[in-house]
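First comes the structure, then the notes that go with it.
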Amino acid sequence: ICLENPFSGYLYLMDIQSASSVVLQALTQATSQDTAVLKPAEEQLRQWETQPGFYSVLLSIFNNHLLDVNVRWLAVLYFKNGIDRYWRRVAPHALSEEEKSSLRAGLITNFNEPVNQIATQIAVLIAKVARLDCPRQWPELIPILLESVKVQDSLQQHRALLTFYHVTKTLASKRLATDRRLFQDLASSIYSFACSLWNHHTDTFLQQIYAGDQQAALSSLERTLLSLKVLRKLTVHGFIEPHNNMEVMGFLNAVFERLKQFLECCRQVGPGSLCREKLEKTIILFTKVLLDFLEYHPWPFIPLIQRSLEFAVSYVFTEAGEGVVFERFIVQCMNLIKMIVKNDAYKPAKNIEDSKPESLEAHKIKTAFFTHQTLTEIGRRLVSKYFLLTEEELTMWEEDPESFAVEETGGDSWKYSLRPCTEVLFLDIFHNYSQTLTPVLLEMVQNLQGPSNVEDPVQMLMKDAVYNAVGLAAYELFDNVDFDQWFKNQLLGELQVSHNRYKLIRRRVIWLIGQWISVKFKPELRPLLYEVILSLMQDPDLVV
């Protein structure tokens with residue numbers, strides 16, 4: 001081992017044990033809170049980065065579980081950074097092929113790291129090496145991982161599965177044509193095994209959770225989650241024509257059944273527990289599998305359209321979801337519906353003869369699903385349930401009006417937050433099915449004519465929700481709403497109600513007018529509107 005002392009300038013030839021002692025001392029000093037100790041140690045380690053044998057020493061240090069955790073953590077980080085800088089053959093001060101071969105072998109000798117954070121970092125650095133060397137220079141990596149995930153030892157099995165996931169994730173992210181072909185070959189060879197592994201851990205988890213053994217179930221759930229992450233990457237990125245692979249389509253269809261089973265488990269596991277948190281994370285991952293497959297393979301997804309719509313609509317817009325659904329899951333289901341509704345691949349061309357058969361088939365499935373009754377129910381529930389301001393939002397309005405106003409103007413992404421996601425879904429469905437939904441929304445408006453009772457908070461919240469829908473759909477409702485008359489006969493009066501509780505409606509009405517003013521609003525009414533705006537500028541409520 002050659003290590004240079006930056007202070008003396010001499011180069012020492014050391015055996016591995018002596019070199020380890022010197023590097024260990026430097027790493028220990030580099031974890032110090034004292035900058036007088038820390039800075040020289042960091043400089044010394046930086047000088048050693050290009051020295052032959054340095055990474056072999058780091059490997060021996062972070063594999064020694066008796067050493068201080070912080071020192072081992074730092075050794076892993078230096079090793080990981082070295083891969084980025086010196087692993088490629090063309091890099092300045094590149095590692096020798098002999099040392100790289102030794103390091104690859106040492107990285108997969110055993111999977112028994114006891115510290116979770118270090119185990120994750122080791123898995124990531126193995127994946128970094130795999131990105132550069134697998135399969136050509138490291139053909140044994142995948143076979144060793146496949147064997148290691150079968151062992152009975154719980155820790156080794158988990159660490160091997162963790163590494164398997166990070167390697168799969170990294171290889172799936174490569175975009176050169178040759179790399180994609182290599183990943184497709186890998187996916188074809190290991191897909192059956194990956195499915196069996198996932199099914200095994202999933203069945204084990206379900207048995208344990210229904211037996212009431214939450215501790216054992218949590219361990220199995222972690223393995224279910226990791227094996228599902230592997231399958232997600234293989235399914236989405238591993239096949240050119242996934243619809244022609246029976247195992248791939250079988251897995252995707254199984255996702256719906258597993259989702260139902262895991263949602264029912266939410267009844268068994270109380271909120272707030274670690275098991276419930278991991279359970280919800282796994283449920284979200286199931287939905288990501290479907291969303292990713294739809295995004296990357298819209299036509300192979302066509303056989304799944306009917307089942308996806310039935311599943312998502314059932315849990316979000318009927319009583320089936322009562323007691324089991326949670327906000328992030330609802331968001332994912334709404335995103336699934338939205339992506340199907342507005343997907344250009346599922347829309348026939350203006351000239352039907354120019355349409356692809358797949359597009360016509362998808363359009364036929366959507367048309368058959370979105371009946372008048374189904375659309376009416378979705379429209380009503382979107383407005384009357386998901387558009388309602390929550391207790392949390394009303395509390396924020398009272399306690400932190402500035403933050404409330406920022407959130408209302410789009411502070412969150414529609415993909416991840418329930419309110420913007422709900423509004424985007426409403427707009428997409430209304431745009432595509434306006435003939436059915438327009439009468440539904442107008443009826444809801446008609447039922448709320450006249451001033452609302454300030455003593456009836458339910459009615460106030462409902463009017464806020466309905467007015468929100470009318471504002472969002474302003475362009476779609478152009479021919480169906482006489483906004484000028486509505487402004488004079490109804491909205492103007494509501495702006496002049498000064499009761500403190502009526503601020504909910506004042507705020508919504510002035511926003512509603514803002515939505516319509518560029519759509520349909522007579523110029524001669526504007527002076528009247530300006531007067532009202534000036535008076536509202538004196539409103540005691542900051543949000544209004």
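Along Cα→Cβ, 7 Å out, is where each label goes; now give me the distance between the ones at Val454 and Ala91 in nm to one decimal.
7.0
FRET efficiency for Asp354 and Ser314, Cβ-Cβ distance as r, R0 = 41 Å, nearest 0.05?
Calculated transfer efficiency: 0.70.
For the chain, which whole-number percentage of the solvent-accessible area (1.4 Å probe, protein heavy atoms only) is attributable to carbon and sulfur atoms?
52
Compute the distance from the alpha-carbon center of segment 164-220 to that of segment 500-528, in whole Å.
Taking the Cα centre of segment 500-528 as reference, the centre of segment 164-220 is 54 Å away.
If the limit is 18 Å between Cα atoms, which of Lys100/Lys169; Lys169/Lys233; Lys338/Lys520 go over it?
Those over the limit are Lys100/Lys169; Lys338/Lys520.
For the chain, find the longest principal axis of its Cα atoms and tell me its angle to the long axis of helix 35-48, 0 to 90°, nearest 10.
Rounded to the nearest ten degrees, it is 70.
Using 0.36 nm times the number of residues separating Asp479 and Ser101, minus their current alpha carbon distance, what extension gain do you get?
128.8 nm
Charges only on Cβ, +1 for Lys and Arg, -1 for Asp and Glu: so what's the dipole of segment 285-368 about the Cα centre, in debye to the nearest 20?
Values: 10 positive and 11 negative charges, 27 e Å.
Result for segment 285-368 is approximately 140 debye, rounded to the nearest 20.
Of the GluC sites (Glu not before Pro) in segment 250-356, which ones lie in a loop per DSSP and count no more than 12 other C-beta atoms within 10 Å?
Glu322
So how far apart, in nm, are the two label points at Asp213 and Asn432 if each is 7 Å from Cα heading toward Cβ?
4.6
Please give the helix 372-381 orientation as an angle from the longest Cα principal axis of the chain, in degrees from 0 to 90, rounded to the nearest 10.
With both axes taken from Cα atoms, the answer is about 80 degrees.
Helix 418-432 against the longest principal axis of the chain: what's the angle in degrees, Cα atoms only, rounded to the nearest 10?
That helix lies at roughly 60 degrees to the long axis.
Let a ≥ b ≥ c be the square roots of the eigenvalues of the Cα gyration tensor of segment 29-74; is it rounded (a/c under 1.5), or, if not, prolate (a/b larger than b/c) or oblate?
Verdict is oblate for segment 29-74.
FRET efficiency for Trp73 and Met249, Cβ-Cβ distance as r, R0 = 60 Å, nearest 0.05?
0.90
For the chain, just say rounded, prolate or oblate: build the C-alpha gyration tensor, square-root its eigenvalues into a ≥ b ≥ c, call rounded for a/c under 1.5, and beyond that prolate if a/b exceeds b/c, oblate if not.
It is prolate, given that a/c is not under 1.5 and a/b is the larger ratio.
For the pair Thr35 and Glu361, what calculated FRET efficiency results from E = 1/(1 + (r/R0)^6), where r is the Cβ-Cβ distance and R0 = 41 Å, to the nearest 0.05?
0.05
Under a Cβ-only charge scheme (Lys and Arg +1, Asp and Glu -1), can you give me the dipole magnitude of the chain about the Cα centre, in debye to the nearest 20? Each step should come with its number before you reach the end.
Numbers: 54 positive and 64 negative charges, 268 e Å.
The dipole magnitude comes to about 1280 debye.
Is the shape of segment 349-410 rounded, prolate or oblate, going by the alpha carbon gyration tensor and its root eigenvalues a ≥ b ≥ c, with a/c under 1.5 for rounded and a/b larger than b/c for prolate?
Prolate, because a/c is 1.5 or more and a/b exceeds b/c.
Considering only protein heavy atoms, what per residue accessible area in square angstrom results for the chain with a 1.4 angstrom probe?
That works out to 48 Å² per residue.
How high is the relative contact order of the chain? Use alpha-carbon pairs under 8 Å, at least six apart in sequence, and give a whole percent.
Once divided by the residue count of the chain, the mean separation gives 7 percent.
The values are calculated or read from the model by the stated rules, or taken from the named source; none is laboratory data. No experiment lies behind these values; they were computed from the predicted model shown. Every residue, glycine among them, receives a Cβ derived from its backbone with ideal geometry; neighbour counts consider all protein chains shown. Side chains are part of the model used for accessible areas, which takes the heavy atoms of the whole protein and leaves out ligands, DNA and RNA. Shrake-Rupley method; radii C 1.70, N 1.55, O 1.52, S 1.80 Å.
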